[in-house]
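Please treat every number below as a calculation from the coordinates, not as lab data. This is a predicted model, so every value here is computed, not measured. Counting neighbours? That spans all protein chains shown, and the Cβs are built from the backbone with ideal geometry, glycine included.
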Amino acid sequence: MIRTIALVAFCLFLTLFLVSNAEAKGWRGIVPLHSTRADVERLLGQPEKRLSEFSDFYRTPDGSVTFTYAQGLPCGIGSKYSRWRVPRNTVTDIYLSLTRGSQLSQLSIDERKYKRLTGGHTPGVYYVNELEGERLNVSHNEVMAIGYFPAAEDAHLECPGLPKRTDTNCVVLVDRFDWFGGIAWEHQKQRLDNFVRALMDEKGRQGYIIAYAGQIARAGEAKERVDRTKNYLVNVRRFPAGQLKAIDGGYREESTLELYVVPAGACPPIVRPTVDPRDVQVIRGGKRRKNRRSS
């Protein structure tokens, strides 16, 4: 009975939200980085499904809502570390998925507070308010989902040195053109030749090369690989050096090279390492040495 009442209350709130311009950040008093799993369960009861140890799913007649919680681990990159310096089970993200969309005009949002992004290969449009931590997913002018994430005033709680989650200073998000691991150099050159042809198809395109060293790696391995790739494109294929960005991306489980073709006005790719440098075994002079953990 209590669960039914909670669901009815949720549906009523959702209807009111979609026809008004709610100024409060967060959802129904649940605020990312300030509310906890206990706060959510007091509001909605036990979840219908536990998607993972740190993600809960609630279903309603008009849609669904998913909460993601902090793991409460030390700062770092990868699954064994945290993005936020907050206790375990603190809410980090809220995602509302609506069964039936509502016209964007019904929300009467102040579009001056939002950056408009397109999804690149998808027809959807995203309106992102980084100041208050809100994201609207719009398809055919209907709001189909609403996301809440940490607001700008809580940036001090983010662990230092991590890649940005969004880039709202540009318009189109680009997909990865090609990627490969530690294949033979002759095969790499064939893939790089295709990359150059794609870059030359349209004036103003920028090429991005991101190299990641593996979890067991030589000192400077990613930089060496990305420099070698750029030198081939510039000195052998005669592509303008000013239209290439070479980036040492850090570490992943396996050595990887990623290639991106970025049209004029599009967002540059985000560097996404998945292994913390403290967990890397660096090979020096034929011997392995694990990076020293900082305090």
Quiz item: Label-point separation (nm) for Leu73 and Arg238, each offset 7 Å from Cα along Cα-to-Cβ?
Solution: 5.0 nm
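Please work out the FRET efficiency for the pair Thr99 and Phe180, using the Cβ-Cβ distance as r and a Förster radius of 35 Å; give the result to the nearest 0.05.
Numbers: r = 41 Å, r/R0 = 1.16.
My answer for the efficiency is 0.30.
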Practice problem: With label points built 7 Å along Cα→Cβ from the Cα atoms of Leu131 and Arg116, find their separation and express it in nm. | Solution: 1.8 nm
Self-check item: Charge dipole (debye, nearest 20) of region 178-290; +1 at Cβ of Lys and Arg, -1 at Cβ of Asp and Glu
Solution: 420 debye
Exercise. Estimate the FRET efficiency between Arg42 and Ser64 by the formula 1/(1 + (r/R0)^6), using the beta-carbon distance for r and 25 Å for R0, to the nearest 0.05.
Key: 0.85
Quiz prompt | Exceeding the 24 Å Cα-Cα cut-off - candidates Lys80/Lys230; Lys189/Lys223; Lys25/Lys113; Lys25/Lys115; Lys113/Lys245; Lys223/Lys245 | solution = Lys80/Lys230; Lys113/Lys245
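Which ordering of Trp185, Trp84 is given by a fewest-first count of other beta-carbon atoms within 10 Å?
Details: Trp185 9, Trp84 20.
Neighbour counts put them in this order, fewest first: Trp185, Trp84.
I'd like to compare 217-227, 248-258: which one has the highest average count of other Cβ atoms within 10 Å, and what's the full order after that? Display every interim value, and only then the final one.
Numbers: 217-227: 17.1, 248-258: 20.3.
Result, highest mean Cβ count within 10 Å first: 248-258, 217-227.
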Quiz item: In what order do Lys49, Lys203, Lys25 fall by count of nearby beta-carbon atoms within 10 Å, going from fewest to most?
Solution: Lys203, Lys49, Lys25
